[in-house]
1. Rank V508, G641, T571 by how far each Cα sits towards the positive end of the charge dipole of the chain (+1 on Lys, Arg Cβ; -1 on Asp, Glu Cβ) and give me just the farthest.
2. At what distance in angstrom do the alpha carbon centres of the range 268-335 and the range 509-525 lie from each other?
3. Over the residues of the range 1-107, compute the C-alpha Rg and express it relative to 2.2 N^0.38 Å.
4. What shape does the chain have by the C-alpha gyration tensor, where a ≥ b ≥ c are the square roots of the eigenvalues, rounded means a/c under 1.5, and otherwise prolate means a/b greater than b/c and oblate the rest?
5. Given Cα pairs under 8 Å that are at least 6 residues apart, what percent is the relative contact order of the range 540-666?
6. Kindly identify the range 331-454 as rounded, prolate or oblate by the Cα gyration tensor criterion: order the square roots of the eigenvalues as a ≥ b ≥ c, call it rounded if a/c is under 1.5, otherwise compare a/b with b/c, prolate if a/b is larger, else oblate.
7. With +1 assigned to the C-beta of every Lys and Arg and -1 to the C-beta of every Asp and Glu, and no other charges, what is the dipole magnitude of the range 271-376 about the Cα centre in debye, to the nearest 20?
8. Can you tell me what percent of all Cα-Cα pairs in the range 382-508 are more than 25 Å apart?
Amino acid sequence: MASIAEKIESLRNVLHEHNHRYYILDRPTVTDYEFDLLLKELQVLEQDYPEYNDPNSPTQRVGGGVTKSFETIAHRFPMYSLSNTYSKEELEQWEERIKKVLGTETEINYSCELKFDGVSVSLTYENGALIQALTRGDGTQGDAITTNVKTINTIPLKLKGDYPPFFEIRGEIILPWEGFNKMNEERAAKGEPLYMNPRNTASGSLKLQDSSLVAKRPLNCFLYALAGDQLPVNSQFEALEKARAWGFKVPESAKLVTSIDAVFEFIQYWDQQRKSLPYEIDGIVVKVNRFDQQQELGFTAKAPRWAMAYKYQAEQVATTLKGVQYQVGRTGAVTPVAQLDPVVISGTTVKRASLHNADQIEKLDLRLGDRVFVEKGGEIIPKITGVDLANRGIVQDKVNFISNCPECGSFLEREDGEAQHYCKNETECPPQKIGKIQHFIGRKAMDIEGLGGETVALLYQEGLLNTVADLYRLEKEQILPLERMADKSVSNMIEGIERSKEKPFSKVLFGLGIRFVGETVAKKLTKQFRSIQALKEATLEELIETDDIGERIAESLVAFFANPKNQLLITQLEAYGLQLHEVESNQEKHPAIEGKRFVVSGVFESYSREELKKEIESLGGIIVSSISSKTNYLIAGNGMGPSKKTKAENLNIPILSETAYEALKN
Ligand code: AMP
Ligand code: ZN
């Protein structure tokens, strides 16, 4: 029989291989379910035998590690940037310069590659295992993002084939459009401001502290360069092919060509095709293929002389400015939006463009009727980059930023150092009111099932919702007559609202949307103050003395509780039975559960796994992650790993179904 170590090792190899087939080759040979079963089996074994820990185990993909601060580390080989150009002439001049060095008669081949628009990363592999991932930083040193990078499925944790014992490989971490759009849909549903572009979102993701959050971001990584002292290749194109063979994702779009004319063909081809790529590129990169030629050409202070980035011009179109509208967000921030004569840019019709803030309008010195240049770059919302001064609108029609809120009429304010104007009429301004309710029902707050952002807006317009407290007054009969409301979905909604009364105090507090009180701050506050009453009575000084609560947050809290409308709201929520204090765990322990050790595994019908664990804890039970002789019960949901079951049986530990657990409780 295989030893445990061998069993673990073989599971890891099998999973690495499946991962490669799925993410790199796009040719999976097992179903997702089979994959998950194998992964679960490995997870269980790793929990039970921590002595066989491996930082590159396939289980690392789900994340979990936390990076408190990202250590800055020097690059072994500097990460250069690229010289770039927008024109054919400059590219030709570049070739002339190269030929001067290499000799006019020398044959030069070029590797033509896409220029992926993301975050560059340098990966270090030792004996085929990923040991470090650094950002580019300033080129000589970067930040270690290793833990986060390990969650990216297209980055191999273990290599295959004839890789060198020690080398670095460079690539670009990107966020494909599909994932980016999905993240924005979720944001929109919550009334949160949208992410600007995939590149910034990818970059922000890599700097999250909690790697399990990074694991949920649909990031991808394309590799394009090897670095090392003794590489087993003589050219860029061979390097790409080798990297592919070792298990890296190297897009097939790269092409080896023998003339600068062929380089232009490549550029032109991708200028069209890039619009239908599933991710963003901002140009193409041309590299002299042979390493000996590269070496002869060398580097400038900033960039290699043997490579050139050709950047695509962001498409600019002129159109007429018809007007400016002002949008008010959940926080009261006012954003000016230009209304344009419709034009087609990069294949889509554009009617509006963001103007960001008052300063931007001032800078452009906009007038109604102006011919303006509109550009659609990496941002999803097009922007106005300039005015055609030869075709000015009338001087009198200068666009002046509004002084009053377009939604509620109250005077707009702009704080020192802030670019944005705000409507401060938080409790009466319609978009702020709707936004508040949308925030309250959002996934990270009350997570109300069966109710979405659009329905909230509809219910507000119908006069059925004015504050979050009104949610708990809603009745089925009031909603059914409204358009597009079916009996079943309304029942689900009412049920979801009812269930939200069980959500812990910290979620409610976060859901109230008090400025600067995010998820973490809400948790801190509820732990410290225990009840909304105590929080309300806390003085500014007491709040500031609290760990991690600064002046800004404290002031915001005091202002919130001083507002009579908020006081009324809290009284109402209390009356409806929401959790406005921390549950004292020693209040309601259950004799059959108190002090017992539980392992919870699988998927359940009427709880999420987290809910079930919380409930057991609140009843005095202890949650443990793996089965041992000290375990009292294994609660088994659907899809539980077979090894857990065997282990429980061997140790004679009672296995409870969901129903059996309910019975135990009663
Ligand atoms: P820039 O940031 O405009 O100076 O361009 C240099 C950056 O382009 C590099 O740091 C890489 O992150 C990125 N890049 C994207 N695709 C490639 C590629 N195929 N080859 C080299 N660099 C690339
Ligand atoms: Zn307003």
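1. Result: G641, furthest along the dipole toward the positive end.
2. A separation of 39 Å, based on Cα centres.
3. Scaled against compact globular proteins, the figure is 1.86.
4. oblate
5. 21 percent
6. It comes out oblate by the Cα gyration axes.
7. For the range 271-376, the charge dipole is close to 160 debye.
8. Tail of P(r) above 25 Å: 46 percent of Cα pairs.
Only the coordinates and a few stated rules stand behind these numbers; no lab work does. Everything numeric here is computed off the predicted structure, so don't read it as measured data. All Cβ positions, glycine included, derive from the backbone under ideal geometry; neighbour counts span all protein chains shown.
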